[in-house]
Each structure stands twice: as structure tokens, then as C-alpha cells.
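Visitor: My structure is below; once you've seen it, I'll send some questions.
Each reported figure results from applying straightforward, stated rules to the coordinates on display, with no laboratory input. The structure presented is a predicted model; accordingly, all values stated were derived computationally and were not measured. Neighbour counts are summed over all protein chains in view; Cβ atoms, including those assigned to glycine, are modelled from backbone coordinates with ideal geometry.
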Amino acid sequence: MTRIERSVLINSDIRDLFAYVSDYRYWSDWFEGTSGFRVTSKKERGNGARYRYKAWLFGIPAIVETEIYDFVENAGWKGISTRGMPHRTEWIFEPDGDHTRFTYALEYRIPVPLLGPVLDSLFMKKKWTSIIEKSLSNLKIKFSGA
């Protein structure tokens, strides 16, 4: 699996940032290339919550579903794909003075025999890195007061 991890220091109390970021209704507001988030489980938040959404990559939409686990209030959670591209995510929140360091990590694989690693090194890793960096920048701007 390929792993991409990026962090951003955000001018926010950890509780306020966590409350916003952990609310799936806001994800498409700041996470690039995503839309149509909806809950597909009985739980809306925390361990066992599942979310289905559309992710756009190179102009092509894909339906993805992710289940949340290891959810710890004001600390973070992990997600694992239950539909769509095989992936895992980590969402980590750490206090840093008057700010919060938010780290997002994505692990994925392209399920195409032999060509998957080539496609990843030529296109996908660069594209996913750009999406993650832009998303974190969007989140920082949201909390900058600008």
C-alpha cells in the first residue's frame, strides 16, 4: 500500500477543530474532490459509523464507503474502506500551544494487477498528495478568520 501523510498547524482549540472536522456534514466543504456524504449505518459518529460519498479523481467519480474505528474524542480516528478503492485513513489531532496540529494520512492501493504500482507512481500518488495538501490548506483557511 502507498501511504501519504501530511500535517497542518491550525489556529484553533483542539475541541473546536475536532467538533468541526469530525462532523461529516462539513467534509465536502473543505476536503477536495468529495461530495454527497451520507450516513449508511445506525451510528452517525464514532466507532462503527459508515459514510458513503462520491470522490472525484481525474474528473471521474467513484462511490466510496468508509467505516470509522479507533475513534477517540479530541484525539482522532481511523477509517477503512468498505466499498470502492481499497484504503485506510488516519485523522490525528494534537494540541500545539494555542493551536492544533491536524495530521491526515491515507493508505491505498490500486487494485490493478501489474499496472497498479506503475499507475500509482506516475499519476495517483502525485494527485492524492495534491488533494490532501489542498484540503488541509482549505481547513487552515477556514479557521484563520480570513
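Visitor: Check cross-link reach from residue 125 to the lysines: straight Cα distance under 29 Å, and skip same-chain residues fewer than eight apart.
Guide: Correct list for residue 125: 54, 78, 134, 140, 142.
Visitor: Further, regarding this structure: Placing +1 at every Lys and Arg Cβ and -1 at every Asp and Glu Cβ, with all other atoms neutral, what dipole size does the range 79-139 have around its Cα centre, in debye to the nearest 20?
Guide: The dipole magnitude comes to about 400 debye.
Visitor: Give me the base-10 log of I(q)/I(0) for the chain at each q in 0.15, 0.19 Å⁻¹, Debye formula, one uniform scatterer per Cα, rounded to two decimals.
Guide: -0.77, -1.22
Visitor: Taking the 0 to 90 degree range and rounding to the nearest ten, how far is the long axis of helix 125-142 tilted relative to the main principal axis of the chain, both from C-alpha atoms?
Guide: In the chain, helix 125-142 runs at an angle near 20 degrees to the longest axis.
Visitor: Counting only helical runs of four or more DSSP H residues, what would the 222 nm mean residue ellipticity of the chain come to if each run contributes -39,500 (n - 2.57) and the total is spread over all its residues?
Guide: So the helix-based figure for the chain works out to -6500 deg cm²/dmol.
Visitor: Could you work out the relative contact order of the range 44-83? I mean the mean sequence separation of Cα pairs under 8 Å and 6+ apart, divided by the number of residues, in percent.
Guide: Relative contact order comes out at 35 percent.
Visitor: If I model a spin label at residue 114 and residue 44 as a point 7 Å from the Cα along the Cα→Cβ vector, what separation in nanometres do I get?
Guide: 5.0
Visitor: Same structure again: Need the full-extension length gain, residue 129 to residue 57, defined as separation in residues times 0.36 nm minus the C-alpha distance. One decimal, nm.
Guide: 24.7 nm
Visitor: I'd like the per residue volume of the convex hull spanned by the Cα atoms of the range 14-73, given in cubic angstrom.
Guide: Once divided by residue count, the hull of the range 14-73 is 85 Å³.
Visitor: About the Cα centre, and with charges only on the beta carbon of Lys, Arg (+1) and Asp, Glu (-1), how big is the dipole of the range 25-146? Nearest 20 debye, please.
Guide: 500
Visitor: Roughly how far apart, in whole Å, are the Cα centres of the range 40-77 and the range 14-37?
Guide: 11
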